[in-house]
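What follows is calculated from the coordinates using simple rules that are stated; it is not laboratory data. Note that this is a predicted model, so its numbers are computed, not measured. Every residue, glycine as well, gets a Cβ built from its backbone with ideal geometry; the counts of neighbours run over all protein chains shown.
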Amino acid sequence: MKDVEISRVILESFFQKFEGLFDLDVAIVGAGPSGLAAAYELAKRGKKVAIFEERNAPGGGIWGGGIMFNEIVIEKELETFLRELDVRYKSTPDYLVVDSCHFASALIYHATKVGATICNNVSVEDVALQGGRVCGVVINWGPVRKLGLHVDPITVKASYVVDGTGHPANVVSLLVKRGLLEKKTEFPMNAEEAEKFVVAKTGEVFPGLFVSGMAVCEVYGGPRMGPIFGGMVLSGKRVAQLILSRLLPSEESPCQEQ
């Protein structure tokens, strides 16, 4: 039957893809703008990267634009980046305006084109610790988590983990509830300050764990910013640069086999 052959091809291809994800250079949690930008920058430099996104559709908050007006605003300093991704945009005296669906699609396409893998419908429910540092993520199916089913997860090893989960800062929260980290909470809306804040504070918050995007504001108490996305992209690019400086060709993985 053709239906059975289709099913077989899907299963074989999926498990072949998934089998290659158990030993990563970088595991990114959340396929929002900062996570996708980081994955793009890391993968195009040959790093083994996977994004774990619990929702069906990657893209985070990009799709909805501002109150479902599907346009977003980006700072002019990212014009070169938009051209690199072949993104269409309109220019105003101060900003670039981009169709949100077009931009989300471009980030997803280019991140995967250069070699990053996006695992949608996969939730990160915990982190793996080794020698006092984060050395991987513990994953389960997104619907399993949402339904509260008792199904044991599996573990993926990663030299570095990025929390790009946005406002909840889900990965950081796992360490906070165990008393291993402290975090603040977001301040009210202030796009001008938030755009600067999120880039300046992007970085490592616990050995092996980095934060990017709005997770930065949640951890350090920065303001919200609304439908302006330049800071998100710049944060993703910055976290990639910080991790690339650690992932030198001669460097052994900081997470050793046990």
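What to note about this one:
- Each of Val144, Val156 has some number of other Cβ atoms within 10 Å of its Cβ, and from fewest to most they run Val144, Val156.
- Residues of the stretch 23-50 with amide N under 16 Å of a point placed 7 Å along Cα→Cβ from Thr80: 41
- Whole-number D in µm² s⁻¹ for the chain, Kirkwood Cα-pair radius fed into Stokes-Einstein, 10 °C, 1.306 mPa s: 85
- In the stretch 21-244, a dipole from Cβ-located charges (positive for Lys and Arg, negative for Asp and Glu) runs towards its positive end, and of Thr202, Ala240, Cys217 it is Ala240 whose Cα lies farthest in that direction.
- Only Lys, Arg, Asp and Glu carry charge here, each on its Cβ (+1 for the first two, -1 for the last two); on that basis the chain has a dipole of about 40 debye about its Cα centre.
- In plain terms, the residue of Lys157, Lys17, Lys47 with the fewest other Cβ atoms within 10 Å comes first and the most crowded comes last, giving Lys17, Lys157, Lys47.
- Diffusion constant of the stretch 100-243 at 37 °C, which comes from Stokes-Einstein with the Kirkwood Cα-pair radius and 0.692 mPa s, µm²/s: 204
- Descending Cα extents along the principal axes, the stretch 9-96, whole Å: 50, 30, 23
- Taking other C-beta atoms within 10 angstrom as a stand-in for reagent exposure, Cys101, Cys255 fall in the order Cys101, Cys255, fewest first.
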